[in-house]
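Report on one structure; see the data block that follows.
FYI, it's all coordinate maths here, none of it is from the lab. Keep in mind that what you see is a predicted model, and the values were worked out from it rather than measured. For neighbour counting, all protein chains shown are included, and Cβ atoms are generated from backbone atoms with ideal geometry for every residue, glycine included.
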Amino acid sequence: MQIMDFLSKKAIITDIKSTKKEDVIKELVDALVLSGDIEKRHRSKLNEVLMAREALGSTAIGQGIAIPHAKSDCVTNLIAAFGLSKKGIDFDSLDGESAYIFFLLLAPQDSAGPHLKALARISRLLKDKYFRDTLRACIDDKSVIKIISQEDEKKI
């Protein structure tokens, strides 16, 4: 599974304005609404299911990374948004560090397999410090797409 198979090219934010966990999630959901990947009428429900998932335990996995994710009947296929924060955001990370790199992942209610594969794929790629640092240095969506595409080609 490749990240570019489910990452929305139109839902990439390289300078997240939000400073709180809930607002970051809203900003990334809004990016998916603006990209046309999810319907505007589902915005509130998706924000709710993502925050309900956060209430179970933070999706910040450490090393400056957070992967907020949820399953919902509001989406018909696996879709992701990407965000970068220059300042870092307190996302209740396991290591106590701020999060800078965000992959927001939404999957259909009945799709355990693809959902878990996508989480594993993102986590595996982000274990590479060089990849994380290169992503954090991106200044626009084109550079994010280029870097993720290059990694996708390397590690199939």
Computed helical MRE - 222 nm, the chain, DSSP H runs ≥ 4 contributing -39500 (n - 2.57), nearest 500: -13500 deg cm²/dmol
Bins of 10 Å, starting at 0 and running to the largest distance - Cα pair percent for the chain: 11, 46, 37, 5
Name the trypsin sites (Lys or Arg not before Pro) in region 92-149 that are in a loop by DSSP and that have at most 16 other C-beta atoms within 10 Å, would you? LYS127
Taking GluC sites (Glu not before Pro) that fall in a DSSP loop and have at most 16 other Cβ atoms within 10 Å as cut points, what is the longest piece of the chain between them? 98-156
If you average 1/r over all unlike Cα pairs in region 105-152 and invert the result, what Kirkwood radius do you get in angstrom? 11.9
Amide H of SER72 versus every other amide H placed in the peptide plane: which residues, excluding those fewer than 5 positions away on the same chain, fall under 5 Å? ALA107, GLN109
If you average 1/r over every pair of different alpha-carbon atoms in region 65-143 and take one over that average, what Kirkwood value in Å do you get? 13.5
What are the lysines whose alpha-carbon lies under 20 Å from the alpha-carbon of LYS129, with same-chain residues fewer than 8 places away excluded? LYS86, LYS87, LYS146, LYS154, LYS155
Between ALA120 and MET4, what length comes free when the chain is fully extended (0.36 nm per residue of separation minus the Cα-Cα distance, one decimal in nm)? 40.3 nm
Residue-by-residue Karplus 3J(HN,Hα) for region 4-21, coefficients 6.51, -1.76, 1.60, Hz, glycine and proline x: 5, 5, 10, 6, 6, 5, 9, 10, 10, 10, 9, 8, 4, 8, 5, 10, 10, 3
Which length gain, in nm to one decimal place, applies between ALA55 and GLU97 when the Cα-Cα distance is subtracted from 0.36 nm times their residue separation? 13.3 nm
Where trypsin sites (Lys or Arg not before Pro) fall in DSSP loop in region 1-61, at most 14 other Cβ within 10 Å: LYS17, LYS20
Calculate I(q)/I(0) for region 54-104 by the Debye formula, one identical point scatterer on each C-alpha and no solvent, and give its log10 at q = 0.14, 0.22, 0.23 Å⁻¹ to two decimals. -0.37, -0.77, -0.81
Percent antiparallel among DSSP beta bridges confined to region 1-152, nearest 5, equals 50
